[in-house]
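What follows is calculated from the coordinates using simple rules that are stated; it is not laboratory data. Every value quoted in this text rests on a predicted model; they were computed, and no experiment measured them. Backbone-built Cβ (ideal geometry, glycine too); neighbour counts: all protein chains shown.
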Amino acid sequence: MSKSLTSEKTPTWNGVAKLVRITGCLDTTGLPFTGVCFTCKKRFHISFFDAGHLIAGRSNVLLLTRKFIKIQCRFCNRNYGGRPKRFRRYMDELHGAEYMERWVTRLRGWSKSARFKDKDIHWKERRQRYERMYKIIMRKHGYKTWTELLQEQN
Ligand SMILES: [Zn+2]
């Protein structure tokens, strides 16, 4: 892997995780700094959320497909291993079981195949796109920095 690629990957992953956390909070409470955990349905401050993935793994397709990433509290994500059964059940309720079955099969296949390997991803464009979306949301809600957002209280 080229050096420039390595330096783009982590910020891109972090970018998507940040974006998912803000949009997840907004979608569940209307506030950018408070959200409801996808799997335990409890309300937490954004600082207590992780980007939770439907399918465990570190492949690009799993880490970058926003549709299947939801905000999860640290209890669910770290202490309960992401609660995969519950995660799936709620996704089925949200999108329909048939749709989800099709997508899970697809994502599992892609994460094992040669598709969406590092060289297939336009890292810089993705990172910039996430940054743009993040900035638009932050500006819309009157925040300049992530730190500023984290300091907001529930
Ligand atoms: Zn939770």
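Here are some notes:
- Cleavage-rule hits (trypsin sites (Lys or Arg not before Pro)) in the stretch 36-134: DSSP loop, at most 13 neighbouring Cβ within 10 angstrom: 41, 42, 58, 115, 117
- Assuming charge only on the beta carbon of Lys and Arg (+1) and of Asp and Glu (-1), the dipole of the stretch 1-89 about its Cα centre is about 400 debye to the nearest 20.
- Where chymotrypsin sites (Phe, Trp or Tyr not before Pro) fall in DSSP loop in the stretch 1-86, at most 15 other Cβ within 10 Å: 80
- Residue of 31, 63, 54 that the Gaussian network model of the chain assigns the largest fluctuation, springs spanning Cα pairs under 10 Å: 31
- Overall size of the stretch 35-83 from C-alpha positions, given as principal axis extents largest first: 28, 19, 16 Å.
- A Förster radius of 25 Å combined with the Cβ-Cβ distance from residue 113 to residue 75 puts the calculated FRET efficiency at roughly 0.15.
- Evaluated with a Cβ-only charge set (Lys, Arg +1; Asp, Glu -1), the chain carries a dipole of roughly 300 debye about its Cα centre, given to the nearest 20.
- Dipole of the stretch 14-132 computed with +1 at Lys/Arg Cβ and -1 at Asp/Glu Cβ about the Cα centre; of 97, 122, 69, farthest Cα towards the positive end is 122.
- Distance in nm between pseudo-label sites at residue 124 and residue 147 (7 Å out along the Cβ direction from Cα): 2.9 nm
- Residue among 34, 23, 65 with the largest mean-square fluctuation in a Gaussian network model of the chain, springs linking Cα atoms under 10 Å: 65
- When its C-alpha radius of gyration is set against 2.2 N^0.38 Å (N residues), the stretch 17-115 gives a value of 1.04.
- Under-5 Å amide H pairs with residue 34, H placed in peptide plane, nonlocal only: 46
- Under the simplified labelling scheme, the residue 31-residue 94 pair shows an inter-label distance of 2.1 nm, with each label point 7 Å from Cα along Cα→Cβ.
- For the stretch 106-130, the residues whose amide N sits under 16 Å from a probe point set 7 Å from the Cα of residue 6 along the beta carbon direction are 118-119.
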